[in-house]
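For reference, the structure discussed in these notes is given below.
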Amino acid sequence: MKASAIANANIALVKYWGKRNKELMLPQTGSVSMTTEGLQAHTTVEFSPDYTEDILIVNDREYRKGEEEYDDYVGLFLKVVRDMAGNDMKCKIVSRNNFPTAAGLASSAAGFAALATAVNEALGMGLDERQLSILARRGSGSATRSIHAGFVEWKRGEAEDGSDSYAEQLFQPGHWPELRMVIAVTSKKDKKIKSRAGMSQSVATSPYYSIWANDIVPKHIETIKKALAEKDFRTLGETAELNAIAMHTVAMATVPPIMYWNAGTIEIMHAVMDWRDEGLQCYFTIDGGPQVKVMCLEKDAEEIANRLKQFENIEDVMTTRPGQGASVTDEHLF
Ligand code: PMV
């Protein structure tokens, strides 16, 4: 009853920001993302009668019952798993990311997609990809998308039980292999406001929330899907950039305000806009943290990475492309 899985982070082109059901993790809107290559979580889980309580070790740090990271995230997820599998056994989970955790690089998406995949294997649950996407959703909304490779849509769904809120692949990574995201890490510190708390507060208090959910996101989903189908980089970039700005506007107008940007974030946003005016094709997107992801095509990726490395505030620059979905691996971490 031991299994391991790897999964990659995904970067949203149309963001998920807000739930309609917190327990079932049902979103207010759909969303669209690109699964990355190489921003990876590797997770091993073992269920055994020898464990008297759950053990969770992420990036060599142990988390225990009573700590928020355990209770509100993995603890809740394991309860869902145990109810589904009809199995009470305790488990040990060891997970490692090769990128900064909890700083707006969708570490929870990669982590829960890997954990759901590993748990399905370890307990012989026999879930198909759709059911796996639904299970991953219960750990972290965005994890539902990291189950799949390439370009992915998470459908909002209508059902109260969440049975129609899962992710589906729109296109394989090979559909648009030239697309790149150059990630500028402006801070490796943990973010102060987790997405879960932030989005819940936005739904409750942001004056722009209903415009976001009812007007902006449905239009952006259609535009982005068409741009992906046609490999129309300009429309993709313009729309994804506008979508990110709209999400952060909703967040900033939340009470109390949610401000994920730091000085480096703003500096890069201006630089990307200036570079575009000079003729370099690039657009930015930002998730629930200060990092900036610059969308571009392969031909310009190196130039953009080199330019980003010149900034004083930048701690790291990584380039990623459309990548693989979650999969089981024989490599165990313990
Ligand atoms: O899945 P969560 O709860 O970590 O939320 C992710 C929210 C954003 O990254 C900001 C947007 C998204 O769609 O990934």
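Brief remarks on what is shown
- Pair list, Cβ < 7 Å and 6+ apart or interchain, from region 134-155 residues that are closer than 10 Å to ALA7 by Cβ to residues that are among the hydroxyl-bearing types (Ser, Thr, Tyr) and modelled with pLDDT under 95: ALA143/SER108
- Residue under evaluation GLU23, criteria (1) within 12 Å of the ligand (Cβ to nearest atom); (2) open to solvent by 20 Å² or more (accessible area, probe 1.4 Å), criterion not met: (1)
- Residues of region 75-88 that are within 17 Å of LYS2 (Cα to Cα) and modelled with pLDDT of 95 or more: LEU78, VAL81, ARG82.
- Verdict on VAL94 being surrounded by fewer than 21 Cβ atoms within 10 Å (Cβ to Cβ) and aliphatic (A, V, I, L, M): yes
- In region 218-233, the residues that are of a type in the set (A, V, I, L, M) and open to solvent by 40 Å² or more (accessible area, probe 1.4 Å): ALA229
- Filtered residue count, region 60-91, keeping only those that are within 20 Å of GLY126 (Cα to Cα) and exposed (fewer than 14 other Cβ atoms within 10 Å of the Cβ): 4
- Set LEU135, LEU123: member being within 15 Å of the ligand (Cβ to nearest atom) and buried (at least 17 other Cβ atoms within 10 Å of the Cβ): LEU135
- Filtered residue count, region 182-215, keeping only those that are assigned to a helix (DSSP H, G or I), open to solvent by 50 Å² or more (accessible area, probe 1.4 Å) and free of Cβ contacts under 8 Å to residues at least 60 places away in the same chain: 7
- THR44 being open to solvent by less than 10 Å² (accessible area, probe 1.4 Å), among the polar types (S, T, N, Q) and at negative phi: yes
- Candidate set: region 272-296, residues that are surrounded by fewer than 21 Cβ atoms within 10 Å (Cβ to Cβ) and of a type outside the set (Lys, Arg); chosen: the one nearest to the ligand (Cβ to nearest atom): MET273
- Residue within region 146-168 that is part of a helix (DSSP H, G or I), closer than 27 Å to LYS226 by Cα and assigned by TED's automatic domain parsing to the domain that holds ILE11 present: yes
- Any hit, region 240-253, residues being open to solvent by 20 Å² or more (accessible area, probe 1.4 Å), within 16 Å of the ligand (Cβ to nearest atom) and in contact with a strand residue (DSSP E or B) (Cβ under 7 Å, 6 or more places away or on another chain): no
- Answer from LEU179, LEU236 - the residue that is in contact with a Pro (Cβ under 9 Å, 6 or more places away or on another chain) and open to solvent by less than 50 Å² (accessible area, probe 1.4 Å): LEU179
- Being more than 15 Å from the ligand (Cβ to nearest atom) and among the small types (Gly, Ala, Ser) is a property that ALA41 lacks.
- Residue in region 193-209 that is of a type in the set (S, T, N, Q) and not assigned by TED's automatic domain parsing to the domain that holds PHE311 present: no
The values are calculated or read from the model by the stated rules, or taken from the named source; none is laboratory data. Bear in mind that the values here come from a model prediction, so they are computed numbers and not experimental data. A quick note on method: Cβ atoms are made from the backbone with ideal geometry, for glycine too, and the neighbour counts reach across all protein chains shown. Heavy atoms of the whole protein, side chains included, go into the accessibility calculation; ligands, DNA and RNA do not. Shrake-Rupley method; radii C 1.70, N 1.55, O 1.52, S 1.80 Å.
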